[in-house]
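Notes to accompany the following structure.
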Amino acid sequence: MYGDLKLSCYGGNLTEIVEYISRENSHISTLTIKNCRPRIEKLEKLPAMTVRNLRMNNCGFKEVADDAFEKVSGIEELDLSNNMIIKMPYLRRLLKGLRELKLNQNKITDIPEDTFGEEKSGYTASSLRKLDLSNNLIESLPNLKYILERYEYLDLSYNKVIV
């Protein structure tokens, strides 16, 4: 059964909290974790769980581990906005079902060319329809024409992108 969970992470250990939640609730519709205190520098590997909408806001993440979402399945919406992420997270594991990605209000400067997968590898962002990268420090985008044609909603406002 799917349920919605919201929590503010004041002084708790994020890994322990998420592990407990995943043990008690194997299928979660929306999991919102926000206001982590103390700030968490790096989002490490999350425990196995099925969650449709994952929102982790204002936690202070500067980095997202490449395997952070390796054991998480079913994500359709991922919101990592209002953090301090510098490097675009590795999302290849999530690409097949991800419909909406919010990375606004971070400090991302660069979007690597293979960020949204490659057609020949089978890891493509074919289901991704909404992409919010507003309020970052992005200066250029690879394959801009491809990106503009693909998304129903694309927000690049308040960046340094020169077209």
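So the values come out like this:
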{"item": "Failed condition for Thr109, given (1) under 17 Å from Asn135 (Cβ atoms); (2) in contact with a helix residue (DSSP H, G or I) (Cβ under 9 Å, 6 or more places away or on another chain); (3) in a loop (DSSP other than H, G, I, E, B); (4) not aromatic (Phe, Trp, Tyr)", "result": "(2)"}
{"item": "Residues located in region 61-79, provided they are small (Gly, Ala, Ser) and under 13 Å from Glu44 (Cα atoms)", "result": "Ala65, Ala68"}
{"item": "Meets criteria (within 16 Å of the chain's Cα centre (by Cα) and of a type in the set (A, V, I, L, M, F, W, C)) for Cys9", "result": "no"}
{"item": "Hits in region 145-163 - residues which are surrounded by 13 or more Cβ atoms within 10 Å (Cβ to Cβ) and under 20 Å from Arg99 (Cα atoms)", "result": "Ile147, Arg150, Tyr151, Leu154, Asp155, Leu156"}
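One line per residue, one yes/no per condition, for (1) charged (D, E, K, R); (2) modelled with pLDDT under 80:
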| site | (1), (2) |
| --- | --- |
| Met49 | no, no |
| Lys87 | yes, no |
| Gly117 | no, yes |
| Gly122 | no, yes |
| Lys145 | yes, yes |
| Asp155 | yes, no |
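The values are calculated or read from the model by the stated rules, or taken from the named source; none is laboratory data. Being a predicted model, the structure only gives us computed values, none of them experimental. With ideal geometry, Cβ positions are generated from the backbone for all residues, glycine too; neighbour counts draw on all protein chains shown.
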